[in-house]
Amino acid sequence: MQKLFMIFLLCSLCICVPVKKGFSKFIIAGLNTRPDGAVPVVVSSSAASIQNPAFSPDGTAIIYTLFHGGYNEGPAGIYTCLVSGGNNIVLIDENGHDSVNLPGSSWNPVKNLITFASDRAGPDDIWTMAKDGSSLKQVSKHSSPVYYIEPSFSPDGQWIAFEADTDARDNLQQGSIFKIRSDGTELTKLTDGPAGGTDDRQPNWSPTGTSILFQRHLPGSDDWDLYTINPDGTNIKQITTTDSSDTDASFSPDGKWIVYSTDYGSLPVPNIFVIPAAGGTPIRITNNNTNEDGAPSWSFDGKWIAFETHSGQDENTPASIWKIAVSTPEPVIAANNTTISLTVDAGQPVTLTLNLEAGFISQQPADWWVIHVAPNSDIESFDLGTMGFKPGISSILQGNPVSSFSSFSLTVLSGLSSGDHSFYFGIDLIPNGQLDLANLFYSGVMVHVNDTGGTNSGVSGSDKALSVYNQAYQENFAADTIDDILQHAVNAYVLVDSFQDGIAADIPDIKAKGNEVGCYISIGTGEDWRADFNELQPYLVTRPWGAWAGEYFVNQTTTGIIPIMKARIDSMGASGCQWVEFDNMDWVFDDDLRQQYGFQVTEAEGISYFETLCDYVHQKGTKCMAKNMIDSAGNFDGVLYESYNDNRNWWDSSGTLSFLNAGKPVIINHYNETDCDGVYQYYMNIYGDDLSFICEDSLLKKYVHYNGNVQ
């Protein structure tokens, strides 16, 4: 009974109790919660050291390295532990070998694979494994005395960056940064420590994949600094410059922050700090002057930082894994108490309310911004002196601490012109009076003002033009949510991915408001997250598509792939889909892709393939929506084109007009735009006002909808 009570207590305190070799005893760490708010995750009272935490993509677990010989002393294995409590599970732990993960981006959410370094096959090399320790794969293979260690995944899972160390004493090491494809090809050196006289270590990818973070010092010096480098080896930038030891760095999930371990400010022991990704003033997160805190990792939801900690800087004392809660600043702007979008009649008053949760930067100075973008794209800024808006971009406050603000209501606006008005509230952490987008935290709200009490947006087409909602495509920012669709979409075309969890159950409610539901299907690729991927795999190329992780082009269409696609169409029909939208139907016409990926299907076979599938859709009483092409797609009932702010109207206009003239809907889904109204007007000048349009607003970071009964 006493033992059962102890197990219950440990689980209720969210502590993992290690039970593998090296763990002869355990302690109730929950009773030792630190004054800085850090709480234990996995601890031990034995000589083994628990280090290098990294979160699972869903935030429910961590992986870590168990050093059986003590701090950084092997042999070593990799374990996983539920953050919510439960016993450890060994993933790999082999007698006489070292298998070590890097804190940060070592568990990839796209591939759902873990990368680590191991000497299990000879020299230290880069490996990957599944989340349960299966599917071990050696990525790099070399025989030189150089150690390949500290690997991290690129966000799409296509690349792994790692550190190559020379075989020298630690204070004489001269590491270099390399990258290699996760399939073991294209080994590339990014920095050359020996040639440059530096020691470069511990690379971690940014969430956008556009840069790699690493630490550098001169051999023999304790002054480590943080740097970033482009994935092609160019544009090295120094992030930290103070006389301190800045190590173990990785990014926050939004890419705006770097978390690392440092003795900044002449601390007696290193603690966990964060710094803006572009550089700036370090912000202390943990506060413990007796324990060295290191190897931090940020959870994917941004709410926790896990780290290792051990007494003093004595490397003879073992480490344990702890975590501390963090929150980034959250500015919120609401119009008449709504934060999504608001429709009002001309002359109806609008009250803007600003709120701010400061998060961990409460003492940071910042510049404050309240911006209005009018329907004609004129920009105004709120002025505290006049309590109104004035032309241009200017801050309402400069250098004021984040903690100095909590909530504020602006002047009631009743003279807004008809059209779409965008309002933004934000703070940036470079207090220089200039709008610094890289360090900006902001939110926005859209206000639609009607001429005579209708519900259309400022720019609108004819009564044949559809309002369009899109849950299926997330290009740069979040797609429409089901909640948004259920609240706002009326008599619209609504595109969903009916195979995502829970989506099919919402289709009847979406249709109940007069909407027509289109369901997404990729016929030109197989996606490794789909339930039928194993059935599709024999008909796909073996190399993944570089542009979209986890997708593989269709290699042949004349054998067994059509029944698999028909089964998908059957499922869509059973879910109530009224349209089937065909993605990637143009892959067979791209010679560059054909040469790069080597698919065998001919153009004629590809045309026959999608025509056959569209005929089957019609047999089910459903309609076909083509995607990005209409050549040889005469039996399709409509078309959707993807348009970009730097690449508009790239398709054949005459064919598009023929669809419109035949009464078939033509939809343009435009991405990453600051002037959605202007782009819609541009397209209506070409195609007329029967055109349907949806636009991804790069300032609002969400879709803007036009036409129909936009609520």
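For the reader, a short list of remarks on this structure follows.
- Residue match in segment 573-592 (condition: among the acidic types (Asp, Glu), assigned to a loop (DSSP other than H, G, I, E, B) and either within 21 Å of TYR520 (Cβ to Cβ) or touching a helix residue (DSSP H, G or I) at 6+ places or on another chain (Cβ under 6 Å) (or both)): yes
- Verdict on THR247 being open to solvent by 20 Å² or more (accessible area, probe 1.4 Å), at pLDDT 95 or above and farther than 27 Å from LYS141 by Cα: yes
- Residue check for PRO103: crowded, with 18+ Cβ neighbours inside 10 Å, without any contact (Cβ under 8 Å) to a residue 24 or more places away in the chain, within 25 Å of VAL43 (Cβ to Cβ) and not charged (D, E, K, R): no
- Flag for ILE371 being in contact with a strand residue (DSSP E or B) (Cβ under 6 Å, 6 or more places away or on another chain) and either modelled with pLDDT under 85 or surrounded by 13 or more Cβ atoms within 10 Å (Cβ to Cβ) (or both): yes
- Qualifying residue in segment 288-298 (condition: outside any loop (DSSP other than H, G, I, E, B), open to solvent by less than 30 Å² (accessible area, probe 1.4 Å), among the acidic types (Asp, Glu) and under 18 Å from PHE360 (Cβ atoms)): yes
- The combined condition, being open to solvent by less than 20 Å² (accessible area, probe 1.4 Å), in contact (Cβ under 8 Å) with a residue 12 or more places away in the chain and touching a Lys or Arg at 6+ places or on another chain (Cβ under 6 Å), is not fulfilled by TRP587.
- Wholly within segment 390-434, strands (runs of 3 or more DSSP E) carrying at least 1 residues that are closer than 25 Å to ASP677 by Cβ and modelled with pLDDT of 80 or more: 419-428
- Residue match in segment 618-631 (condition: within 34 Å of the chain's Cα centre (by Cα), hydroxyl-bearing (Ser, Thr, Tyr) and modelled with pLDDT of 90 or more): no
- Among the residues here, GLN537 does not qualify as open to solvent by 20 Å² or more (accessible area, probe 1.4 Å) and either modelled with pLDDT of 95 or more or under 23 Å from the mean Cα position of the chain (by Cα) (or both).
- Residue that is farthest from the chain's Cα centre (by Cα) [pool: residues in segment 480-517 that are surrounded by 19 or more Cβ atoms within 10 Å (Cβ to Cβ) and small (Gly, Ala, Ser)]: ALA492
- Single condition CYS81 does not satisfy, out of (1) open to solvent by less than 30 Å² (accessible area, probe 1.4 Å); (2) under 30 Å from ALA547 (Cα atoms); (3) within 26 Å of the chain's Cα centre (by Cα): (2)
- Search result, residues across segment 121-143 that are part of a loop (DSSP other than H, G, I, E, B), closer than 22 Å to LEU190 by Cβ and either in contact (Cβ under 8 Å) with a residue 24 or more places away in the chain or out of contact with any strand residue (DSSP E or B) (no Cβ under 9 Å at 6 or more places or on another chain) (or both): PRO123, ASP124, VAL139, SER140, LYS141, SER143
The values are calculated or read from the model by the stated rules, or taken from the named source; none is laboratory data. Bear in mind the structure is a predicted one, so any value in this text is a computation, not a measurement. Cβ coordinates were reconstructed from backbone atoms using ideal geometry, including for glycine residues, and neighbour counts include every protein chain displayed. Just the protein is used for accessible areas: all its heavy atoms, side chains included, with ligands, DNA and RNA removed. Shrake-Rupley method; radii C 1.70, N 1.55, O 1.52, S 1.80 Å.
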